[in-house]
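Okay, structure first, notes after.
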Amino acid sequence: MIRKCIFFLLALMAFSASAQITFNTGSVQLDSDLNMINTRATANFSAFRSDLSLSFGVSSRKIDHMHTSLHMAPGEIYLAFELSKLSRVSIDRVITVYETNKKKGWGVIAKELGIKPGSPEFHQLKNNAGKNKNKGKGNSKSKGNGKGKSKKK
């Protein structure tokens, strides 16, 4: 019984490690936040697609194309739209740069689009990913102290 539990835990740890992506943005924190976005989006891709569509004003069809035809992970799709917005270039331009440089990593892709490490745009990219990493987590946090009186009559 204990051996089965240990085997299960080892298998689970191996699966979790394999689910991590190396984004190579040049920022450990940004890579970590993107992996959290990726994990949550993978768990509920439909909600992720809807959220991206609303947030960036793009069609679900475009997101599906990036996911299925270009084999982009959800974290990469999110990052592509953020880079498009911050660099003020079309998503199609970002995709072209991605396809050319994907083996070099997202840091190279961002530089190619004019977003250099340490720039205000790069800091904005990190801030946006940090804010979005817990989106859709499903646990709402109340701002109250729980001592209020009910207004039921």
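Of all residues in region 112-128, those satisfying the criterion of being within 19 Å of the chain's Cα centre (by Cα) and either assigned to a helix (DSSP H, G or I) or farther than 11 Å from residue 30 by Cβ (or both) are 113, 115, 121, 122, 123, 124, 125, 126, 127, 128. Only one entry of 8, 48, 23 meets the criterion of being at pLDDT below 90 and among the aromatic types (Phe, Trp, Tyr), and that entry is 8. Filtering 93, 61, 88, 49 for residues that are in contact with a helix residue (DSSP H, G or I) (Cβ under 7 Å, 6 or more places away or on another chain) and basic (Lys, Arg) leaves a single hit, 49. Pairs are defined by a Cβ separation below 7 Å, a sequence spacing of at least 6 or placement on different chains, a first member in region 43-61 that is farther than 11 Å from residue 78 by Cβ and touching a residue at least 24 places away in the same chain (Cβ under 8 Å), and a second member that is open to solvent by 70 Å² or more (accessible area, probe 1.4 Å) and not hydrophobic (A, V, I, L, M, F, W, C); the pairs so defined are 44/136; 47/136.
Please work out which residue is farthest from residue 58 (Cα to Cα), limiting yourself to region 97-120 and to residues that are open to solvent by less than 70 Å² (accessible area, probe 1.4 Å) and not aliphatic (A, V, I, L, M). It comes out as 118. Across region 77-108, the number of residues qualifying as within 18 Å of residue 128 (Cα to Cα) and charged (D, E, K, R) comes to 3.
The values are calculated or read from the model by the stated rules, or taken from the named source; none is laboratory data. Quantities reported herein were computed from a predicted structural model and do not represent experimental measurements. Virtual Cβ from ideal backbone geometry, glycine too; neighbours counted across all protein chains shown. Calculation scope for accessible area: heavy atoms of the full protein, side chains included, ligands and nucleic acids excluded. Shrake-Rupley method; radii C 1.70, N 1.55, O 1.52, S 1.80 Å.
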